[in-house]
2 protein chains.
Amino acid sequence: MNDSVLQREIRQNRPFRSLAQEAMLGLMRTTDLIRRTFGHVVEGQGITLQQYNVLRILRGAGDSGLPTLEIGSRMIEESPGITRLIDRLEAKGWVRRERCPNDRRQVLCWITPAGLAVLDSLDGPMAEADDRALSMLSTDDKRQLIRLLDAIRAGSR
Amino acid sequence: MNDSVLQREIRQNRPFRSLAQEAMLGLMRTTDLIRRTFGHVVEGQGITLQQYNVLRILRGAGDSGLPTLEIGSRMIEESPGITRLIDRLEAKGWVRRERCPNDRRQVLCWITPAGLAVLDSLDGPMAEADDRALSMLSTDDKRQLIRLLDAIRAGSR
DNA sequence: AGCCTATGCTTGACACGTCAACTATTGATC
DNA sequence: GATCAATAGTTGACGTGTCAAGCATAGGCT
């Protein structure tokens, strides 16, 4: 009866070797659960979570557009995958690309009106999903969580 | 100067729409960072984080082995991918499979001695990685984190 | 101008995650 | 005992993460 939720979930009687290990596993499982939930929200618009993230970044960038790799650096994963991700978004007409005249190595990207429309239609549902996913936590709990996560990333370098 | 770490990371001046949204993004970013770190630890043995998880589950199961889908259900993601994952582990000689005589629909899986050796050689490095990843948190912080994550999963069904 | 290194992608190869469709068995029901 | 729904896996198709290699353009140096 002292078992944590996680110990029961993975059906292993052995206690965790350390608090750190238990927290790590909890982090993985929790995030994967949430990622799947959010994935279902956006898939209603025929879009992927990663594609959604790219569109949000481009909407935030406004009319000046963004070079391909700059988009990548603002996302979770960096480099190469971003090219193919944007390939698909361009194929669907949600992103426009153009080689930068000043620096011909760069390829600037913009979100199209169609892309904006998709994004706007998801703002409400996504905001709801955020709130619902953490509705069991008090305001103070959420602040704690944010603080702890910030600390982990700041110390990971 | 009131910007949180996350706001600077994603270079967006707009504040988060809600605490929930900020916590969600923090969760994703933190977990992805950690997953990558752990991935590098296990790749030294020519193994993947998912493959490592499967082997750990099989080691925990002992001599009686486990049916394929039971392994899947103990991991983050469920069903179909598990077959191919185990295909690769079997190809490397780390897992042995055999159709169950009692219920011929099931395929039982065991970890081989070679698989055990790989796993054992990773126990130390992984334990270190767990500790290092959260070394900036106090014992109390870790307990808080575990509690908050447990609560989120418990409330998510 | 000519060369060298750095930068900004792009591509190929491989490992997953996810959904849907399909096969082989089981077990329950009539 | 034949039929049917449920269970256990497998397979195909597509999107994505990751690493390594390759290509074109910039910029700095001589």
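Annotation: average projected area of region B:38-157 is 9.0 square nanometres, based on the convex hull of Cα atoms across all directions.
Label separation (A:GLU70 vs B:ARG147): 4.4 nm, computed from points 7 Å beyond Cα along the C-beta direction. Both radii are taken from the alpha-carbon atoms of the protein assembly as shown; with Rh as the Kirkwood radius, Rg/Rh is 1.00. Taking every residue in B:32-39 and counting other chain Cβ atoms within 10 Å of its Cβ, the average works out to 4. Among B:VAL107, B:VAL42, B:VAL95, the residue with the largest mean-square fluctuation in a Gaussian network model of chain B, with springs joining Cα atoms closer than 10 Å, is B:VAL107. Partner lysines whose Cα lies under 27 Å from the Cα of B:LYS142, excluding those fewer than 8 positions away in the same chain, are identified as A:LYS142. Checking every one of the trypsin sites (Lys or Arg not before Pro) in region B:22-126 against DSSP loop status and a limit of 10 other Cβ atoms within 10 Å picks out B:ARG104, B:ARG105. How high is the relative contact order of region A:16-157, in percent, with contacts defined as C-alpha pairs under 8 Å that are six or more residues apart? Averaging sequence separation for qualifying contacts and normalising by length gives 21 percent for region A:16-157. Sort out for me the Cα centre separation of region B:43-90 from region B:104-157, rounded to whole Å. Using only Cα atoms to place each centre, the spacing works out to 14 Å. The phi torsions of region B:60-65, fed into the Karplus equation with coefficients 6.51, -1.76 and 1.60 and a -60° offset, translate into couplings of x, 6, x, 6, 6, x Hz, rounded to whole numbers, with Gly and Pro shown as x.
Where a number appears in this text, it was derived from the coordinates with a stated rule and is not lab data. From a predicted model like this one, the values you see are computed outputs, not experimental measurements. Positions of Cβ are backbone-derived with ideal geometry, glycine not excepted, and every protein chain shown enters the neighbour counts.
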